[in-house]
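Participant: Provided herewith is a single structure, encoded as C-alpha cells, for subsequent inquiry.
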Amino acid sequence: MAALPYMQLYVADYLADTAHLSTIENGAYLLLIFNYWQRGESFKAKDERSLNGRLAAVARMSNDEWESVRESLAEFFEITPTEWKHARIERDLESVNAKSEQAKAAGRASAAKKLSAALKDKPASALGLQEVSSGRSTVDQRSLNHKDKDKDKEIKPFAQTA
C-alpha cells in the first residue's frame, strides 16, 4: 500500500490516553503510530527479539532504551510474540481503504457512463474507428499511451542538437 498523505489524530483522545506517559514515551509512541499508518500494516517479525529490534529502530531508540519504555507502550497494542497491532489504526485504515475503493469504483462508473454517452451519439468514423466486414469496429489510430519501440532511431542528447 502506498503511504497515505495524512492521518487523523484525535488530539483529545490522544492526550487523555497518554497523560501518564513521559515525554520520551510520547515521542516513541507517536513515531510508532506514524510509521504504522504510513506502512498501512502492523509491526511483524519472525520472532520476538527481531520484533523488539524493529520497534526500537522505528522509535529511534537503542535496544536498552526500548526495553525501558516497551511496557508502557505495550498497553496501546494487541501483542503476540511476533506482532504488535493497534486496533484504532486498523479501524481507521479499513475506513480509509473502503472510502478509497468506493471512490475508485465511482470514478470508473462515471468514466464508463461518459464514454458510453460519447460513443452513442457519434458515428464510428468520427471516433477514429473504421467499420470492418465483421460488423465490429477497430481503432484506426494510435492509442493515447502508445510508445514507439523503434530502436534503430538515433536519439541525440539535448547538448548535441543544433
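Participant: Are there any pairs with C-beta distances below 7 angstrom linking a residue in segment 33-47 that is under 13 Å from GLU90 (Cα atoms) to a residue that is part of a strand (DSSP E or B) and open to solvent by 30 Å² or more (accessible area, probe 1.4 Å), with the two at least 6 apart or on different chains, and if so which?
Facilitator: Partner pairs satisfying both residue conditions: SER42/GLU83; SER42/LYS85; PHE43/GLU83.
Participant: Scanning for something at pLDDT 60 or above, assigned to a helix (DSSP H, G or I), polar (S, T, N, Q) and open to solvent by less than 100 Å² (accessible area, probe 1.4 Å), does segment 75-83 turn up at least one residue?
Facilitator: No, there is no match, as no residue in segment 75-83 is at pLDDT 60 or above, assigned to a helix (DSSP H, G or I), polar (S, T, N, Q) and open to solvent by less than 100 Å² (accessible area, probe 1.4 Å).
Participant: Moving on to the next point. For segment 86-131, how many residues meet the condition of being at pLDDT 75 or above and closer than 20 Å to PHE34 by Cβ?
Facilitator: 12
Participant: Return the residues of segment 18-57 that are open to solvent by less than 90 Å² (accessible area, probe 1.4 Å) and among the polar types (S, T, N, Q); say none if nothing qualifies.
Facilitator: Those that are open to solvent by less than 90 Å² (accessible area, probe 1.4 Å) and among the polar types (S, T, N, Q): THR18, SER22, ASN26, ASN35, SER42, SER50, ASN52.
Participant: Based on this model, can you work out whether LEU15 counts as open to solvent by 20 Å² or more (accessible area, probe 1.4 Å) and closer than 24 Å to ASN97 by Cβ?
Facilitator: Taking the combined requirement at face value, the residue does not satisfy it.
The values are calculated or read from the model by the stated rules, or taken from the named source; none is laboratory data. Keep in mind that what you see is a predicted model, and the values were worked out from it rather than measured. Cβ coordinates were reconstructed from backbone atoms using ideal geometry, including for glycine residues, and neighbour counts include every protein chain displayed. Protein only, heavy atoms only, side chains kept; ligands, DNA and RNA dropped before computing areas. Shrake-Rupley method; radii C 1.70, N 1.55, O 1.52, S 1.80 Å.
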